[in-house]
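Here the structure comes first, spelled out in structure tokens, and everything after it is commentary.
What follows is calculated from the coordinates using simple rules that are stated; it is not laboratory data. Every value quoted in this text rests on a predicted model; they were computed, and no experiment measured them. Positions of Cβ are generated from backbone atoms using ideal geometry, with glycine treated the same way; all protein chains shown enter the neighbour counts.
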């Protein structure tokens with residue numbers, strides 16, 4: 001995972017709640033077997049409707065998305081986070097995130113920032129009233145800055161350190177080999193196992 | 001200390017606990033399918049890693065398989081995904097029930113029907129509807145592709161413990177009201193984010209009286225309320241479902257006595273509780289573009305409460321105040337990991353027997369697995385469906401998510417037993433109304449949404 005420390009970028013507003021992952025990346029684009037190349041299909045159906053906010057030229061190249069509650073609900077498809085990253089987003093700010101989406105973000109290096117509803121509202125208004133406005137999101141100090149705006153955010157310290165250092169979760173877990181093996185040795189013997197085909 | 005079932009299951013799978021870190025939990029069964037696994041296998045290979053426990057991993061093809069005409073009908077990129085899964089499974093020694101296998105089917109249907117899903121287990125799969133397996137008193141988590149890779153490499157997952165929620169349902173379900181209606185009612189009450197951060201345990205006399213198939217429907221839809229997992233404590237119903245299945249415990253007596261411990265202690269407390277009187281439930285239908293937007297079939301399209309509702313109504317081309325039963329449908333889909341088990345098909349067939357699908361409706365039944373299809377044919381359900389004018393398909397996810405040839409055309413309206421009515425879910429521009437199998441069957445015959453209780457009389 002690419003380390004995440006601090007991002008300054010244009011903030012784009014998507015003022016909707018319960019944005020599901022079917023909207024973020026529709027199912028017809030899940031058939032790639034690579035992690036890359038999903039960016040052009042981000043919000044595919046919405047982008048074909050008139051005047052979709054992210055199509056406006058002032059938000060082109062935006063790196064920060066600010067949106068409504070329960071962002072990323074529905075399907076577990078990690079493709080949603082890959083599409084956001086591929087389209088240039090490094091941070092999503094919302095009042096809350098769906099559990100699986102949040103978990104996916106932390107593992108791919110897309111920073112999910114949960115803020116109080118009122119603070120999200122301020123940022124949506126900033127992005128709407130001053131199109132092209134930039135925000136700085138600093139993970140080390142857990143703070144967000146723009147002219148006239150200084151906010152702090154909470155994030156779990158374990159995942160913060162993983163993001164800051166770009167640690168790979170599998171490498172971390174493989175260090176616990178002894179404990180995993182000890183656990184395996186005490187699993188009940190009636191639990192099912194499949195027989196290898198070969 | 002008094003513990004909830006979820007706490008007991010959690011503790012049983014604890015490999016390592018360190019302050020201020022997520023717990024490391026052991027995964028007893030990892031289910032894999034063609035859509036969310038290729039990148040995980042590829043990354044594993046690039047890092048020179050192997051699958052730690054191929055014997056605790058099972059793969060199938062479900063999301064993009066054609067449900068008629070076999071593999072050849074799949075588009076080139078779907079074929080590439082299926083081929084990638086075959087190669088990955090062959091390289092890693094993973095059992096794969098692919099197209100044509102008598103054990104192929106929707107991943108959440110075949111795990112239970114093979115007896116692989118058992119009480120006390122921790123099950124993970126790269127699909128949000130993994131919550132289905134909680135019906136057996138298992139901890140079952142949907143995960144993304146990075147976590148799929150992590151489970152492949154380590155057989156573990158890293159999670160902070162969610163909170164506990166009890167949904168207690170008492171009383172008898174009225175005639176014509178099914179587990180699907182209970183699920184829609186729970187989501188309607190909690191909202192699509194109400195379950196965020198919780199594991200939900202379904203309890204109470206109504207839940208005890210549900211079949212395993214019905215419990216699976218309820219647990220399956222738990223994710224639609226935003227919860228991390230759903231579960232039901234195991235009992236006699238669970239044991240009699242599992243007895244005799246291919247992977248049922250050979251050490252049956254020992255397993256049974258272990259399962260008896262899998263209950264929430266009487267004094268255990270939950271972080272949140274929801275009480276539901278089953279007798280007040282009705283058949284529900286969704287009117288909007290998320291599964292929380294449902295009303296009783298006897299009522300009307302509600303007035304919008306805000307911009308999101310207005311957008312949903314516009315997308316669905318519905319007017320506030322319109323009677324639900326005056327909504328005409330073009331398509332009917334009976335299928336998906338929510339409602340494509342034998343019980344579901346029996347319920348639908350009981351409504352259809354002796355009737356015909358409305359001439360303007362195209363209706364299809366897609367069994368959840370090859371085994372469900374064989375069993376249904378064994379009792380003549382295919383004859384009932386075909387005779388009424390339904391298409392009778394091969395097993396797969398089909399029109400639940402439209403990643404295969406089964407999709408809605410723009411503007412088409414579908415009565416669907418699946419789990420998501422999101423914009424474009426069943427096909428770009430398609431409009432989905434979620435309901436139970438008997439209600440879907442009734443809609444196919446009437447040509448519009450209709451109260452199945454009226455049809456039965």
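Evaluate 2.2 N^0.38 Å with N set to the residue count of the protein assembly as shown, then give the Cα radius of gyration divided by it.
Its radius of gyration relative to the 2.2 N^0.38 Å reference: 0.91.
Rounded to the nearest 5, what % of the DSSP beta bridges within the range A:6-166 are antiparallel ones?
On the way: 12 of 25 bridges.
The antiparallel proportion sits near 50 percent.
Please work out the Cα center distance from the range B:141-207 to the range B:396-457, rounded to the nearest Å.
Between the Cα centres of the range B:141-207 and the range B:396-457 lies a distance of 23 Å.
I'm a student and want to see the number: the projected area of the Cα convex hull of the range B:14-127, averaged over all directions, in nm². Write down the numbers at each step before the final one.
Working: hull surface 33.9 nm².
Averaged projected area of the range B:14-127's Cα convex hull equals 8.5 nm².
Using a simple spin-label model with points 7 Å from Cα along the Cα→Cβ vector, what separation in nm is obtained for residue B:377 and residue A:167?
So the two model labels end up 5.3 nm from each other.
How much space per residue, in cubic angstrom, does the convex hull of the C-alpha atoms of chain B take up?
Each residue corresponds to 145 Å³ of Cα convex hull volume.
Hey, rough spin-label estimate for residue B:267 and residue A:45, points 7 angstrom out along Cα→Cβ, what's it come to in nanometres?
Going from the residue B:267 label point to the residue A:45 one covers 5.2 nm.
Can you pull the one-decimal nm distance between simple spin-label points at residue A:184 and residue A:138, each 7 Å off the Cα toward Cβ?
4.5
So in the protein assembly as shown, what percent of DSSP beta bridges are antiparallel if you round to the nearest 5? Walk me through the numbers before you get to the answer.
Details: 25 of 79 bridges.
Antiparallel bridges: around 30 percent, rounded to the nearest 5.
Using all alpha carbons of the range B:1-74, what is the percent of pairwise distances in each 10 Å bin, ordered from the shortest bin to the longest?
The percentages, shortest bin first, are 14, 29, 31, 17, 8, 1.
Among DSSP bridges having both ends in chain B, what percentage is antiparallel? Round to the nearest 5.
25
For the range A:6-166, count all C-alpha to C-alpha pairs, find those more than 30 Å apart, and express that count as a whole percent of the total. Walk me through the intermediate numbers first.
Numbers: 1117 of 12880 pairs.
Roughly 9 percent, rounded to a whole number.
I'm checking a number: the convex hull volume of the Cα atoms of the range B:62-161, normalised per residue, in Å³. What is it?
Hull volume over Cα atoms, normalised by residue count, gives 117 Å³.
What translational diffusion coefficient, in µm²/s and rounded to a whole number, does the Stokes-Einstein relation yield for the range B:253-339 at 37 °C and a viscosity of 0.692 mPa s, taking the hydrodynamic radius as the Kirkwood radius over Cα pairs?
Diffusion coefficient, whole number: 194 µm²/s.
So what are the radius of gyration and Dmax for the Cα set of the range B:207-273, in Å?
13.9, 38
Quick one: which of B:212-225, B:419-432, B:5-18 comes out on top by average Cβ neighbours within 10 Å, and what's the full order, highest first?
B:212-225, B:419-432, B:5-18
Nearest 500 deg cm²/dmol is fine: what mean residue ellipticity at 222 nm does the protein assembly as shown get from its DSSP H runs of n ≥ 4 alone, each adding -39,500 (n - 2.57), divided by its residue count?
-9000 deg cm²/dmol
Apply the Kirkwood formula to the range B:193-317: the hydrodynamic radius equals the inverse of the mean of 1/r over all pairs of different alpha-carbon atoms; give it in Å with one decimal.
By the Kirkwood definition, the hydrodynamic radius is 17.5 Å.
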